[in-house]
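Student: There's a structure below that I have some questions on.
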Amino acid sequence: EKKPVFEEVEIRPLSHRALLSYLEERGIAPAIAKQHCKEIHFRLYGKRYFAIGYGNRCGGFELRNRFFKGCIPPKDFSSFRQGSSRCHLYEGFMDWLSALTLGIGNEEDSLVLNSVANVGKAVKHLDGYGRIDCFLDRDDAGRRTLEVLKGHYGGRVCDRSAFYDGCKDLNEY
């Protein structure tokens, strides 16, 4: 299986109307997305594309548009420290942007896994928190991730998925 090769990557401020419309359709305030995301233009398999880009701690980008979901490597988690004793943990950046739009966690530190596969990498970065509020998907992968975190941190881990009961994730809510 051939891995995608991203070429001619260009990073711009987020401004393309199609991308901003896509965010609005998903309930995310464009002003918030503009603060935290970029517009990434790239060539993939010989074709030109553009997408919303959300950076991770190792310089990679999560990419989303109406028709594409991918990642410019390296794949890693993203974190935002504000000096809080509480951390809000999200599975993906659309959930984190949704939380900011809803006014959830604006005062607390945040960690976005960008994939539940990154939970092992993220664990050591959660050590200093007195409480870890988890806004994970309401599916098997989200539940397994929550159990991994509870195995490491016990009662400091709080499942916040009841907030969006009846929905798959915070963004759907």
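Student: Can we say Leu20 is of a type in the set (A, V, I, L, M, F, W, C) and at pLDDT 95 or above? Talk me through it step by step, then tell me what you get.
Tutor: Details: of a type in the set (A, V, I, L, M, F, W, C): yes; at pLDDT 95 or above: yes.
It is true that Leu20 is of a type in the set (A, V, I, L, M, F, W, C) and at pLDDT 95 or above.
Student: Name, by its number, the condition in (1) open to solvent by 20 Å² or more (accessible area, probe 1.4 Å); (2) modelled with pLDDT of 95 or more; (3) not β-branched (Val, Ile, Thr) that does not hold for Asn114.
Tutor: (1)
Residue-wise test of (1) at pLDDT 95 or above; (2) not in a strand (DSSP E or B).
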| residue | (1), (2) |
| --- | --- |
| Val123 | no, yes |
| Gly128 | no, yes |
| Ile132 | yes, no |
| Arg138 | yes, yes |
| Ala141 | yes, yes |
| Leu146 | yes, yes |
| Gly151 | yes, yes |
| Cys158 | yes, no |
| Asn171 | yes, yes |
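Student: With the requirement that a residue be charged (D, E, K, R) and surrounded by 15 or more Cβ atoms within 10 Å (Cβ to Cβ), what does the range 4-55 give you? Working first, answer last.
Tutor: Within the range 4-55, the subset charged (D, E, K, R) is 7-8, 10, 12, 17, 24-26, 34, 38-39, 43, 47-48.
Those that are charged (D, E, K, R) and surrounded by 15 or more Cβ atoms within 10 Å (Cβ to Cβ): Arg26, Lys34, Lys38, Glu39.
Student: Pairs under 9 Å by beta carbon, first residue of a type in the set (Ser, Thr, Tyr) in the range 134-154, partner modelled with pLDDT under 95, six or more apart or different chains?
Tutor: That search, which allows pairs on different chains as well, returns Tyr153/Val123; Tyr153/Asp127.
Student: Next question, about the same structure. Would you confirm, using the coordinates I've provided, whether Leu102 is open to solvent by 10 Å² or more (accessible area, probe 1.4 Å) and within 20 Å of Ser84 (Cα to Cα)?
Tutor: yes
Student: Suppose we filter Asp133, Asp140, Asp109, Asp76 for residues that are open to solvent by 10 Å² or more (accessible area, probe 1.4 Å) and of a type in the set (Asp, Glu); which single one remains?
Tutor: One residue alone meets the criteria, Asp140.
Student: Something else: Is one or more of the residues making up the range 57-65 charged (D, E, K, R), at pLDDT 95 or above, farther than 27 Å from Leu126 by Cα and open to solvent by less than 10 Å² (accessible area, probe 1.4 Å)?
Tutor: No: zero hits.
Student: Same structure, new question: Collect the residues in the range 147-173 that are touching a helix residue (DSSP H, G or I) at 6+ places or on another chain (Cβ under 8 Å) and more than 12 Å from Ser98 (Cβ to Cβ), keeping them in residue-number order. Please lay out each step first, then the result.
Tutor: Step one: filter the range 147-173 for residues touching a helix residue (DSSP H, G or I) at 6+ places or on another chain (Cβ under 8 Å), giving 148-149, 152-153, 157, 159, 161, 169-173.
Correct list: Val148, Leu149, His152, Tyr153, Val157, Asp159, Ser161.
Student: When you check Tyr173 against the structure, is it touching a Cys at 6+ places or on another chain (Cβ under 9 Å), over 27 Å from Gly27 (Cα atoms) and in contact (Cβ under 8 Å) with a residue 40 or more places away in the chain, yes or no?
Tutor: In short, no.
Student: Is the range 86-95 home to any residue that is closer than 28 Å to Leu146 by Cα, free of Cβ contacts under 8 Å to residues at least 24 places away in the same chain, open to solvent by less than 20 Å² (accessible area, probe 1.4 Å) and of a type outside the set (S, T, N, Q)?
Tutor: No, that holds for no residue.
Student: Could you list, in sequence order, all residues of the range 86-108 that are out of contact with any Phe, Trp or Tyr (no Cβ under 8 Å at 6 or more places or on another chain), under 17 Å from Asn56 (Cβ atoms) and either of a type in the set (Asp, Glu) or assigned to a strand (DSSP E or B) (or both)?
Tutor: The answer is none; no residue qualifies.
Student: Within the range 58-78, how many residues turn out to be out of contact with any helix residue (DSSP H, G or I) (no Cβ under 6 Å at 6 or more places or on another chain) and over 25 Å from Tyr45 (Cα atoms)?
Tutor: Residues flagged as out of contact with any helix residue (DSSP H, G or I) (no Cβ under 6 Å at 6 or more places or on another chain) and over 25 Å from Tyr45 (Cα atoms) within the range 58-78 amount to 1.
Student: Additional query: I'm trying to understand the selection: among the residues of the range 40-81, which are under 13 Å from Tyr22 (Cβ atoms) and among the aromatic types (Phe, Trp, Tyr)?
Tutor: Correct list: Phe50, Phe67, Phe68.
The values are calculated or read from the model by the stated rules, or taken from the named source; none is laboratory data. Model, not experiment: these values are computed from the prediction. Using ideal geometry, Cβ is built from the backbone for each residue, glycine included, and neighbour counts are taken over all protein chains shown. SASA here: full protein model, heavy atoms, side chains in, ligands and nucleic acids out. Shrake-Rupley method; radii C 1.70, N 1.55, O 1.52, S 1.80 Å.
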